[in-house]
Amino acid sequence: MDRPADLVAAWRLLAVALVIVVLSQLLGIRRIEVGIGTILLLPLLYAFLAGLVLNPSITGRVGKVLGRREVRLASPLIIVAILPFIARFGTTIGPDIEAVIAAGPALLLQELGNLGTIVLAFPVAVYLLKLRREAVGATFSVAREPSLAIIADRYGLRGPEGAGVLAVYVVGTLVGTIVFSVMASFVASLDVLDPRALAMACGVGSGSMMAACSGALAATLPEMEDTILAFAGTSNLLTYATGMYVTLFVALPLVEWMYRKAHPEDTRAAATPAATSDEEGAR
Amino acid sequence: MSATPVDDVEDTQDERLSLPSEMTALLAVLPLGWAAQLIATDLSALRAAAGVLALGLIAVIGILLTRALPFLRLPSVAWVSLVGIVASLPMLPWGEAVVGVVGEIDFLALSVPCLAFAGLAISRREVAIAKTSGWKLLVVGVLVLIGTFIGSALIADVTLPLLE
């Protein structure tokens, strides 16, 4: 950020972000009733969508407001901008520390909930959509940065497994916040699962997914806001601490085993890195 | 994470900032969070500024710890979260004062700047990946998100009553 052009780009990016933030916040929370449940539209969703609309990679150069230089600068700012938010989460855990520790075993066990992706997504990917090795990378985890590292390490990112994990990573980046906030407010309004359980489930993905998810939960159940934040924050912290081991030592071997059951004829050794000459690698 | 195949992904996704740049960036995004607070809460401009600055300070300590202890390989969000916990523990002398300053800060409004940058940062590469990987992997991606959420929620819902 030391060249003058970068400095101009940085100011322009911040000004655009400020306008987006103010307008999104002024729009406020909107509720949509859908039959048996409620979907909440949150300021953070408007901000994300406004960012997409003004992003030249998505819509071309809309009115030439921003260019590629600004897009490149925005990427590291995501992490920086989420830090005060994460700090706020941490400060809700401290006062509730006794309740969090009492729920410790549940918090640790729900990391196994990662396996829910295998139960739901793997059969659809392999039996319904007829995906091959891509399915292994696509369904073994929720595909955030640690999962990319695991797949890169085991198979390389250029093979079919890499294509699978990258595609799901990108889907998560593109629509993760939308899916999580809609899903959380809807499931919470059904009133069948413990709100603390839903709060823990909010912590399984990236920081911005947790923001969208716990925000929607807290807006649906405002009287439980502090508890929701404490449990979501702790769960997200544990995702970094223990979740990676669940994906590496339980989820990935399980998906490999299920894939061998589904395709016993596919003898390609799991450890062969990035041999992309078979039919799905050439896609 | 220095293996070559990851590099081009990180190039677009996770550009590492130098410490001065990271501090400057943090200072630059705090006013956005402050502006959102003014609209979302009834806090006075001064109270909102104090709360956002206190959270910024927690973030700074977390960033410094991330860089001081790289061998633990914890990401900065984990460190910031831990610092936030320690700062707000009621049994420690500063706990109540910290909660007094940041307790009224609306966390939902605080997430809005981050999501604005997330939308602005989607790169051409990511759009290209989404286009070339086809609709099947997009369907699978959404199912992965739903499956993880429901899986975690179900396990937690079953185990929580056992602890009470």
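The values are calculated or read from the model by the stated rules, or taken from the named source; none is laboratory data. Since the model is a prediction, treat every value here as computed from it, not as a measurement. As a convention, Cβ positions derive from the backbone with ideal geometry for all residues, glycine included, and neighbour counts pool all protein chains shown.
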List the helices (runs of 4 or more DSSP H) that sit entirely inside the stretch A:1-109 and contain at least 1 residues that are among the hydroxyl-bearing types (S, T, Y) and more than 26 Å from B:I105 (Cα to Cα). A:56-59
I'd like to check something: does the stretch A:52-59 contain any residue that is more than 7 Å from every other protein chain (Cβ to nearest Cβ), surrounded by fewer than 22 Cβ atoms within 10 Å (Cβ to Cβ), of a type in the set (V, I, T) and farther than 28 Å from A:S214 by Cβ? yes
Subset of the stretch A:67-85 (residues that are crowded, with 20+ Cβ neighbours inside 10 Å and over 29 Å from B:A49 (Cα atoms)): none
Among the residues listed as A:S185, A:S147, the single one being surrounded by 24 or more Cβ atoms within 10 Å (Cβ to Cβ), closer than 24 Å to B:A121 by Cα and touching a residue at least 40 places away in the same chain (Cβ under 8 Å): A:S147
Residue pairs qualifying under the 7 Å Cβ cut-off, at least six apart or on distinct chains, with the first in the stretch A:13-37 being over 16 Å from A:A188 (Cα atoms) and the second being of a type in the set (S, T, Y), are A:S24/A:Y46; A:L27/A:Y46
If I filter the stretch B:87-108 down to residues being more than 7 Å from chain A (Cβ to nearest Cβ) and part of a helix (DSSP H, G or I), which single residue comes out as nearest to A:V53 (Cα to Cα)? B:V101
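Results for (1) within 9 Å of another protein chain (Cβ to nearest Cβ); (2) farther than 18 Å from B:G147 by Cβ; (3) β-branched (V, I, T), shown as yes or no for each residue.
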position	(1), (2), (3)
A:S141	yes, no, no
A:E145	yes, yes, no
A:V168	yes, no, yes
A:V175	yes, no, yes
A:V179	yes, no, yes
A:V182	no, no, yes
From the list A:R12, A:R88, A:R30, which residue is among the basic types (K, R), under 23 Å from the mean Cα position of the chain (by Cα), at pLDDT 85 or above and surrounded by 13 or more Cβ atoms within 10 Å (Cβ to Cβ)? A:R88
Against the definition (touching a Phe, Trp or Tyr at 6+ places or on another chain (Cβ under 7 Å), more than 7 Å from chain A (Cβ to nearest Cβ) and farther than 20 Å from A:D226 by Cα), how does B:L65 come out, yes or no? yes
State which residue is surrounded by the fewest Cβ atoms within 10 Å (Cβ to Cβ) when the search covers only the stretch B:111-138 and only residues that are β-branched (V, I, T) and within 7 Å of chain A (Cβ to nearest Cβ). B:V127
Reported set for the stretch A:119-132 where residues are more than 7 Å from chain B (Cβ to nearest Cβ) and crowded, with 24+ Cβ neighbours inside 10 Å is A:F122
Against the definition (within 19 Å of B:A25 (Cα to Cα), in contact with a helix residue (DSSP H, G or I) (Cβ under 8 Å, 6 or more places away or on another chain) and not in a loop (DSSP other than H, G, I, E, B)), how does B:L55 come out, yes or no? yes
On the given criteria, is B:S21 at pLDDT below 95 and either of a type in the set (A, V, I, L, M, F, W, C) or more than 17 Å from the chain's Cα centre (by Cα) (or both)? yes
